[in-house]
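No value in this document is a laboratory result; all are computed from the given coordinates. Bear in mind the structure is a predicted one, so any value in this text is a computation, not a measurement. We place every Cβ from the backbone using ideal geometry, glycine too, and count neighbours over all the protein chains shown.
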């Protein structure tokens, strides 16, 4: 292995810098450093700060098991690339039949090389199942012998996840009933308050609030804005959320639609500031690009980050969590985060949560932001997905960190295992928890 150095009086020649041969000791140091980084990354528990999972008390809202793993929107969309089956024919079938069709098409009749397919196999392998026979009934039989509570504990242990943040919507009838019943909180689960309808479909949100006893008008007058703040306060009492959140379309503008702008400026952000809650913004999703695919039919579009810059500048006392869906926004978003200390970037979301994108985005963020971001979240919709999403991401993050620490070693800077642990803990949720406590 060769290293290009600037040279010293002993190795410099008249022709310029010399090529320095790395000694076996250097190679051994690199090997030990790599082992140390690998060990720390693999053993550090993570705070999964954005998921679509639920505590077991939410019943069927917590999806788990092989059929839910297979009938996941990424696999449904991939499956339709192989089928001539009419969309409605697929949706008219029960989940078991849908899962069998996906298993046959994507795992038996072709090699499961996509990230979504590989993820299923990583999960089953970690659970101790032999996937070589391609025997779906045997896998189902294994799951039938387990109950959700024990399975949750096993999955969290295999994934190395210490805490799961749910995404909770008071606009969902089934979920709302659980919150209003006064369920016993599960310390392994925290909450985020999702408010998409307030900004993306005010007429529907207004009807919902009115039916719930809030005095709201079609136009966001002073009384209506006060009632929206009361609604947020009431649901924060139920949920005790870590943050408010919304996913936004590519054409989101600020300032923009007068109703949306006024709700942001006079209801949502004042409430967030008063309670020191970040507002999580997830830009770039295009809903229902192909409605026939249902949940699998959403797409991606480049967001105008200038709108977000204006928002961050206008509300310097508010905190914002941000992750963008388009790859094309990632560099711009890193630069934006460098300019606004009230912005915390987190994870690789949805279509960017594949190894090649996780690698690229994590490297970029480390190079531009240092350690002041959260490297990953799972965005898991099925409990079992925690296993593969975190196993795959840890491998990528470990590889990136090895390169970065080797870069430091080349300058003479050596890192201890304690320092590596500190850094990995920050990237694994520690920086997020510190951001939650900050005030500007």
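Using 1/(1 + (r/R0)^6) with R0 = 35 angstrom and r between the beta carbons of residue 421 and residue 351, what's the FRET efficiency to the nearest 0.05? Kindly include the intermediate steps, with their values, before the conclusion.
Working: r = 32 Å, r/R0 = 0.90.
So, using R0 = 35 Å, E works out to roughly 0.65.
Could you check the simple spin-label distance between residue 339 and residue 273, using points 7 Å along Cα→Cβ, in nm with one decimal?
2.1
What length, rounded to one decimal in nm, is gained on full extension from residue 188 through to residue 257, with 0.36 nm per residue of separation minus their alpha-carbon distance?
Numbers: separation 69, 0.36 × 69 = 24.84 nm, distance 3.89 nm.
Answer, rounded to one decimal: 20.9 nm.
Is it possible to state the helix-based mean residue ellipticity at 222 nm for the chain, with each DSSP H run of 4+ residues giving -39500 (n - 2.57), the sum divided by total residues, to the nearest 500 deg cm²/dmol? What is it?
Result for the chain: -14000 deg cm²/dmol, rounded to the nearest 500.
Enumerate the residues in the range 369-410 having an amide nitrogen under 18 Å from the point lying 7 Å beyond the Cα of residue 39 toward its Cβ.
Counting only backbone N, you get 395, 398-399, 401-403, 405-406.
Counting pairs of alpha carbon atoms under 8 Å apart in space and at least six apart in sequence, what relative contact order in percent does the range 193-294 give? Mind showing how you got there, number by number?
Values: 105 pairs, mean separation 32.2, N = 102.
Here the relative contact order equals 32 percent.
Taking the chain as a Gaussian network, where each spring joins two C-alpha atoms under 10 Å apart, which residue of 283, 56, 45 fluctuates the most?
Maximum among the listed residues: 56.
Roughly speaking, what is the stretch gain from residue 433 to residue 153, that is 0.36 nm per residue apart minus the C-alpha to C-alpha distance, in nm to one decimal? Could you put the intermediate results ahead of the total?
Details: separation 280, 0.36 × 280 = 100.80 nm, distance 2.30 nm.
Fully extending the segment from residue 433 to residue 153 adds 98.5 nm.
At a threshold of 8 angstrom on Cα-Cα distance, excluding pairs fewer than six apart, so keeping six or more, what relative contact order does the range 63-190 reach in percent?
Across the range 63-190, relative contact order equals 22 percent.
Let me test this: with uniform point scatterers at the alpha carbons of the range 157-286, what is the Debye-based log₁₀ I(q)/I(0) at q = 0.18 1/Å?
Each listed q corresponds, in turn, to -1.04.
Counting pairs of alpha carbon atoms under 8 Å apart in space and at least six apart in sequence, what relative contact order in percent does the chain give?
Values: 635 pairs, mean separation 88.5, N = 440.
Answer for the chain is 20 percent.
Just to be sure I understand: with springs between alpha-carbon atoms less than 10 Å apart, which residue in 430, 65, 128 has the highest mean-square fluctuation in the Gaussian network model of the chain?
128
On the principal axes of its Cα set, how long, how wide and how thick is the range 321-424? Give whole Å, largest value first.
Computed over the Cα atoms, the extents are 43, 34, 22 Å.
Connecting C-alpha atoms closer than 10 Å in a GNM of the chain, tell me which of 129, 401, 311 has the biggest fluctuation.
129
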